[in-house]
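Asker: One structure is given below, represented as structure tokens, and several questions about it will come after.
The values are calculated or read from the model by the stated rules, or taken from the named source; none is laboratory data. Just so you know, these numbers come straight off a predicted model, no measurement behind them. Positions of Cβ are backbone-derived with ideal geometry, glycine not excepted, and every protein chain shown enters the neighbour counts. With ligands, DNA and RNA removed, areas are computed over all heavy atoms of the protein, side chains included. Shrake-Rupley method; radii C 1.70, N 1.55, O 1.52, S 1.80 Å.
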Amino acid sequence: MTVSSPVDDRRERFTAIYEANYHRILGYALRRTSRDNTADVVAETFLVAWRRLDDVPEGDLARLWLYATARRILANHRRAEQRRERLASAAIALADAAAAPALVDVEPNRAAVAFERLSSGERKLLALVAWEELGAAELATVLGCSRGAARIRLHRARRRFAQELARLGKPLKRRGIAGHVTDAGTPAGLLELEDT
Amino acid sequence: MSETDQTTLVADLARVRDDDLVGEATSRRAQQLLSEIVAAPAPPPPPPRRHAAAVLPHRVVSQPAVSFAAAAAVLAVVVTTGSRGAETASAALRQAADVARAQPALVPGRGQYVYVRSEGAAVMTSVLAAAGNGDRGTPADPPKVEGSLTQNAWTVLVPRVRELWWGRSGGRLQETSGEPAFLSAGDRARWVAAGRPDLAEVARSFTAPLPPLVPLELSSDPDALYAQLEKDAAGRGNGLSSEMLTLVGDALRETNATPAQRAALYTVAARISGVDLVGDVTDQDGRAGRAVAIDDEVNKTRLTLTFDPETSALLAEEQVVLAGNAYGYPAGTRIVHATYAPPALVDSPDARP
């Protein structure tokens, strides 16, 4: 008879969670930060999960737990970046400005522009629903708020998005392959959600 | 535009979709990461139960044989040497803030009451107003008296059970005191020398009406709340940081703080300097919790708050004296302790869950 040790059980459970969710956390990070940071966010998220495996809920809730963890890690990265940015000299800022991609040739996507006009919190909510396909209850779990609060915030974000779309007024123009907006067609910083 | 259409529009803005990444977990890079992670040290086994001296009998002991502070220090070493070694009080409190934010609000409906129960003990010091004039003295908050409290005063630890029924149109507080106990033989001797004043004066049981439940006037913005508590804590004659943590504890217990306010309170606590992570502990009621503590260097006391990391509920608190305290007690002597039951809704101001 083979008896598995607690260590084996632990590894087995973690591996199952990892393999079921790796692509989701990878996608979550890719959609919100640079490719350079993505690897760090994914690694840190799963390292936290490994260390706190007893806290990771069973079943599909593990996915939400990982999103919430990734969200905090991403926020920490952003704060660190912001601190570094504050320390940067004016000379560096000028150099960055010179190196910034020219956007004049890019025809703005109406939805992208409307999305960009939302607050970071509103973008974050809509992105979790559209990109991670979360429902209101799942949204509440990831954001750490009540379901009612999540619904209300989501409703407001939807209303604001609709208002911005209406303000832009032109016909919708979808871009990219299979409906995706490519990096080149996305206004700079649009998808860099400030996830705090 | 329908919600579905709107969602599709936003979905189209994503750089990449999860469907495009299915199978990435088997990539060489992902498998390498998996190997590295599972090769990391495994988390430690559950922390040992608290030192026996830290789980004192609920009723008062006059002179703890072993200093709680010493026991706590040992415990802290045990807990923080595991893989949670990198965890700090700040991280633990921020985590509690996240949990608090996700908790449902406990809002009483019409005819309902929020029932809150706590059980514990606190010191009451009686000071002779003028030595030798026969005045029996009055109860006073302890360490506010200049100089030593050992000359014309005696201190007792009074056990209390507090029950509150908070309702929309008012409620009720009931406090039941137990038998006071002297904290030291010296306290008893001074009480005898003073003519054995009636100790019931400091251990009265009573019931009182409570005003209607109103929203707590606390900002849910951590920055604003920090400033508010810092201002409130200043000038009270206590250490600023420890007083701020005390105020945080005050707002977490026996109040109707919203989840957002509770989250802000924990966030503020995470920012207070000098807060130590005691670690995972078991409170007097046998509940698992996580404890943080702070020393008040002015009054030479140490405050410990224990909260449930799963719910963020405040489970217990404790105050012990440090070396050089105004009472002259051995370091580690407990002067306040309490445990808090989870609040619950009941249907009348007499009902208990």
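Asker: Run the simple label-point estimate for B:ASP221 and A:LEU47 please: 7 Å along Cα→C-beta, distance reported in nm.
Answerer: Using points 7 Å along Cα→Cβ, the separation is 3.5 nm.
Asker: Please give me the summed charge of the neighbours of B:ALA30: other residues whose Cβ is under 9 Å from its Cβ, Lys and Arg +1, Asp and Glu -1. Show your work: numbers first, answer last.
Answerer: Working: positive: B:ARG28, B:ARG29; negative: A:GLU19, B:GLU24.
For residues surrounding B:ALA30, the net value is 0.
Asker: Report the calculated FRET efficiency for A:LEU61 and B:GLU201 (r = Cβ-Cβ distance, R0 = 45 Å), to the nearest 0.05. Can you show the working numbers first?
Answerer: On the way: r = 55 Å, r/R0 = 1.21.
So, using R0 = 45 Å, E works out to roughly 0.25.
Asker: Give the calculated FRET efficiency between B:GLU297 and A:GLU19 to the nearest 0.05, with a Förster radius of 56 Å applied to their Cβ-Cβ distance.
Answerer: 0.60
Asker: Measure off 7 Å from each Cα along the Cα-to-Cβ vector at A:GLU133 and B:VAL214, then give the distance between these two points in nanometres to one decimal.
Answerer: According to this spin-label approximation, the distance is 5.0 nm.
Asker: B:ALA344 to A:ARG167: FRET efficiency via 1/(1 + (r/R0)^6), r the Cβ-Cβ distance, R0 45 Å, to the nearest 0.05?
Answerer: 0.40
Asker: Determine the order of A:TYR67, B:TYR226 by accessible area, beginning with the largest, at a probe radius of 1.4 Å.
Answerer: Values: A:TYR67 0, B:TYR226 55 Å².
Ranking A:TYR67, B:TYR226 by accessible area, largest first, yields B:TYR226, A:TYR67.
Asker: With a cut-off of at most 10 other beta carbons within 10 Å, and DSSP calling the residue loop, which trypsin sites (Lys or Arg not before Pro) in the range B:266-353 qualify? Please list them.
Answerer: Hits after loop and neighbour filter: nothing returned.
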